[in-house]
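The values are calculated or read from the model by the stated rules, or taken from the named source; none is laboratory data. Because the structure is predicted, anything quoted here is derived from the model rather than measured. We place every Cβ from the backbone using ideal geometry, glycine too, and count neighbours over all the protein chains shown. When the accessible area is computed, the model is the full protein with side chains, heavy atoms only, and any ligands, DNA or RNA have been set aside. Shrake-Rupley method; radii C 1.70, N 1.55, O 1.52, S 1.80 Å.
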Amino acid sequence: MTLISVRDLAIGYGQTPVASGISFDVEEGDFLCIVGENGSGKTTLMKTMLGLMEPLSGGITFPGGMKGSEIGYLGQQTQIQKDFPASVYEIVISGRLNKCAGRPFYGKEDKDAAARSMELTGITDLRNRCYRNLSGGQQQRVLLSRALCASSKLLLLDEPVSGLDPDATAEMYRIVKELNDSGVAVVMITHDVDASLKIARTVLCMGDVVRLMTVAEYLQQTGGQGK
Amino acid sequence: MIDKLVMYLAYPFVRYALIVGVLVSLCSSLLGVTLVLRRYSFIGDGLSHVAFGTMAIATVLRLSNNMILVLPVTILGAILILKAGSRTRMQGDAILAVISVSALALGYLIMNVFAVSANISGDVCATLFGSTSILTLGQSEVWMCMGLSVVVIAVFIFMYNRLFSVTFDSDFAKATGQKPERYNMLIAILIAIVITLGMNLVGSLLITALVIFPALASMRLFGSFKAVTVSSVILSVVCAFAGMVLSIMIGTPVGSTIVAADLVMFLICCCIGGLRRGGR
Ligand SMILES: Nc1ncnc2c1ncn2[C@@H]1O[C@H](COP(=O)(O)OP(=O)(O)OP(=O)(O)O)[C@@H](O)[C@H]1O
Ligand SMILES: [Mg+2]
């Protein structure tokens, strides 16, 4: 089943597009990596897919009947979040709000879902800790857990390992791979090409021309060294 | 001491003042948490100056219940500040400053040009610092205040989870189908209501203190959104109550006594927070 289908999309702020001619599909259980230089429009593409920005032209559809609000998103951390007084549990369960239409409070199902996604991302023991006192790696796992709480079908991850040390990075990749193996489709922006291509299936290469290829094709083209 | 307090409590206007004071401090501290976290602390300041300007017009027009005019205009001001902040190229805080000083200056100007009473500076001082007008509240004003407070509290409770999500990460909230703009509007309207109510209590210059002190103090002590919210409500109500009782007993101005109590509480919380962090 095709979860999200992007056709001849042009993205950008204002009139001039940052990137154009983008077409790809994300199937159920897929793993797509988005690579490209700084400023090539990776984050912009992801925000457009999430409906945070309007596309300049082209279209994004959900052929499989998934709703646009059923995507889990892990974005780049904002200034506000750094000293925000919130417990891990409060943040994770806030991912369930897209299932709470018309309900002001969380029900048992929401609490179970939050517990399950904390379990899957290995942060159950951090449940009552304060977000601002966690390490960078732990914070990223909390945000991943929230994304997972919002969707068990498709996760969009914007540089989930930026600023993490090698151990935390490996742990993050292990969790993401595990989630993907269990059937969650993943779209991930990354600069860490070598490690992420080991777990990805297809690569979207952003730049003057936007190209979609398999990992094997990408490696062949770049001389087998990733970059 | 206690005798004196009991004696004062026998007067209905003292009881009214206490009720209004507690309600206003409760509502303002509820909203304070999200405002402080979003770096919106000063929206309260700007809006209170708008409210001051409108109050001046209401005085000139000799309206019996000035809330009828002040409330809608302040809500309008809140919406304007938000819209302007997100649309134009000017910085949000610059817009706030523009609106705030203009309203203050025009308000004072209007009061002077169309002087209603002989004691202008007394009137101005009363609107800026709250003075004793809280002790002259009529029954209808108290009812109005209670009604509006119930609205603010109910809306806050029903929107609590969504407000948290939008405050923590408005991009994520929008991506999962919330409407952050709508909640921003809601918060602006609620804060406009609270400020209009608070004008009587501490006046338009000091109202920001009621909004930010309890939230800032609680953030030093607690690490979850719920605990911070609950604690700022408790701290705020305690301070307002203590401040009002004190001011009645020793005859100090109500507004500044409450704010002084808030300040002391904030400093104490800073110390406790610092000690805890140091001890770890
Ligand atoms: N809020 C904004 N307003 C206007 N232009 C913007 C805005 N944010 C980004 N841009 C521009 O859009 C282009 C693409 O930015 P984007 O953030 O998508 O890059 P990216 O590929 O994610 O880069 P990075 O690897 O550094 O994260 C850049 O040239 C940037 O200058
Ligand atoms: Mg980016």
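Listed by first and then second residue, the pairs with beta-carbon distance under 9 Å, at least 6 apart or on different chains, first residue in segment A:182-193 and over 12 Å from A:Leu74 (Cα atoms), second acidic (Asp, Glu) and more than 13 Å from ligand 1 (Cβ to nearest atom), are A:Gly183/A:Glu28; A:Ala185/A:Glu27; A:Ala185/A:Glu28; A:Ala185/A:Asp30. Search segment A:14-45 for residues being within 14 Å of another protein chain (Cβ to nearest Cβ) and in contact (Cβ under 8 Å) with a residue 40 or more places away in the chain, and hand back the single one that is least open to solvent (accessible area, probe 1.4 Å). By that ranking, first place goes to A:Leu45.
Just one residue in the set B:Ala188, B:Ala215 is in contact (Cβ under 8 Å) with a residue 40 or more places away in the chain, more than 14 Å from chain A (Cβ to nearest Cβ) and not aromatic (Phe, Trp, Tyr); that residue is B:Ala188. Scanning segment A:49-63 for residues that are in contact (Cβ under 8 Å) with a residue 24 or more places away in the chain, farther than 17 Å from A:Thr2 by Cβ and more than 16 Å from ligand 2 (Cβ to nearest atom) returns A:Pro55, A:Leu56, A:Ser57. Taken over segment A:5-36, the criterion of being more than 17 Å from A:Leu197 (Cβ to Cβ), of a type in the set (D, E, K, R) and either within 12 Å of ligand 2 (Cβ to nearest atom) or in a loop (DSSP other than H, G, I, E, B) (or both) is satisfied by A:Glu28 alone. Looking only at residues that are open to solvent by 20 Å² or more (accessible area, probe 1.4 Å) and either acidic (Asp, Glu) or within 13 Å of chain B (Cβ to nearest Cβ) (or both) in segment A:154-173, which one is nearest to ligand 1 (Cβ to nearest atom)? If we take residues in segment A:154-173 being open to solvent by 20 Å² or more (accessible area, probe 1.4 Å) and either acidic (Asp, Glu) or within 13 Å of chain B (Cβ to nearest Cβ) (or both), then A:Glu159 is nearest to ligand 1 (Cβ to nearest atom).
Residue-wise test of (1) at the interface with chain B (Cβ under 9 Å from one of its Cβ atoms); (2) touching a strand residue (DSSP E or B) at 6+ places or on another chain (Cβ under 6 Å); (3) more than 16 Å from ligand 2 (Cβ to nearest atom); (4) hydrophobic (A, V, I, L, M, F, W, C).
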residue	(1), (2), (3), (4)
A:Lys47	yes, no, no, no
A:Gly65	no, no, yes, no
A:Val92	no, no, yes, yes
A:Tyr106	yes, no, yes, no
A:Ser117	no, no, yes, no
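With respect to the conditions (1) out of contact with any helix residue (DSSP H, G or I) (no Cβ under 6 Å at 6 or more places or on another chain); (2) not in a helix (DSSP H, G or I), B:Met159 falls short on a single one, namely (2). If A:Gly183 satisfies every condition in (1) under 22 Å from B:Ala227 (Cα atoms); (2) surrounded by fewer than 22 Cβ atoms within 10 Å (Cβ to Cβ); (3) out of contact with any strand residue (DSSP E or B) (no Cβ under 8 Å at 6 or more places or on another chain) but one, which is the exception? Among (1) under 22 Å from B:Ala227 (Cα atoms); (2) surrounded by fewer than 22 Cβ atoms within 10 Å (Cβ to Cβ); (3) out of contact with any strand residue (DSSP E or B) (no Cβ under 8 Å at 6 or more places or on another chain), A:Gly183 violates only (1).
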